[in-house]
Every structure is written in C-alpha cells, then in structure tokens.
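Since every read-out is calculated from the coordinates, none of them should be taken as a lab result. All values derive from a computational prediction rather than experimental measurement. Please note: Cβ atoms are built from the backbone with ideal geometry, for glycine as well, and neighbour counts cover all protein chains shown.
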Amino acid sequence: MAGQPTTHPSLPAPSTHFIAQAQRPTDAPEDPVMNTRQTLHRRGRTLSRGAARPNVLFGGVYGAVLASSMVAALTQYGRSSRADRLYDAKWLLITAFASALAHGYAHLIARRGDETHHGALAAVRALAEEWPLLLATLPTLVMLFGAGLGWWNYSGIEYVALGFNVALLFGWGLTAARVSGLTWPRSLFLGLGDALLGLIVVVANALIK
C-alpha cells in the first residue's frame, strides 16, 4: 500500500560460534627457550630448598670440615707417597662412616621422647638421614684414592682437597642464605664468612689431631 514502509524478511542472526571465533585472539606461539628457562628456574629452586634442609646442611658442612681436617692431620708430617694417599683415603672412609653412625645413633636417642613409633625401622631411618655427611666426604675420597692409584699427581693433592672443601662450605652458606630470602650481596658475604670460619675450624682440628 502507498505510504507504508517497505518491509524485508528478517535475516537469521549470525551464529555465536562464529562470533566467538572471530573475537578470540590468535594464540601466540610458545617460546621453547622461555619454557626451558622457567623449567630450569623451578627445578633450581626445588634443589636449593632441598639442599637447605637442616639435615642436608648439617651433614654437608660437617662432612666437608671432617674431610679437610682428616687430610690436613694425616699429611702434616710430610708423608705424601701413593701408599700414604691410599692410607689416608681408607682412614677418611672409616672416620666418615663412624661419624655418620655416631650422629645417627645420637639423633635416634634424642627423638625417642618426641616420636611414638620406635623399632628397627626408626633406627634405619635415622641412620639413613646421615647420607649428606657421607656424600660431602666423597670428593675428597675420590681425590685421595685417585692419587693413590696413580690417576693423577699425588703430591699436593691435600691442597686441592682443602680448596675444594672450602669452596663447598662457601656454597652451603650461599645456598642457605639465598633460600632464606637474603639478597645476593648479603648471601655472598655470608658465604665468604662461612668459608673463612670453616677454614679456621679445619686448621684448629688439624693442629689438635
């Protein structure tokens, strides 16, 4: 009719699926380098926290001091032949196991008042927790055994072992400081202090023995 607006049949509304597809931003490709860095960072933090556990720190520090003290005490008289290096390695191995057993036994007795379960399993668990002490003496054992077997020069190997263990003490101190939330400069300062203190303890033990 004249005077009436022209009408058109209603068109179907566009599908919401296509609207969502059109509005969805295109996903950026993943960066494999960034993913690798994030994975390494997470694993590094996990390892650092594991290394900062009390029994690991105690065993690591004690083992490094024990190994250095034994090497300094056994070589202070100038005996440095291949046979002497094997002798030193055997004594260090015996001392490390004896110290681990003594500490495990002491911890077992000390925990009896706090734990409800006792017996052989608790004793084995207490002794097994001393593995950081044995692991900390392993590098020095390898150095001494290698020198005794002629794998490398046996003269002056005690200085190499001492330097390695002092560096190990620095690493333990640095790790503990970083895990506790301290800044890098403060952690480095504490790590150097721990290494110096450990060196003083090593010298004192060597003089006593």
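Its Cα gyration tensor gives region 70-209 an equivalent ellipsoid; the semi-axes, largest first and in whole Å, are 30, 24, 13.
When peptides 163-176, 126-139, 195-208 are ranked by their average number of other Cβ atoms within 10 Å per residue, the highest-first order is 163-176, 126-139, 195-208. For region 130-209, what ratio Rg/Rh do Cα atoms give with a Kirkwood hydrodynamic radius? Rg/Rh for region 130-209 comes to 1.06.
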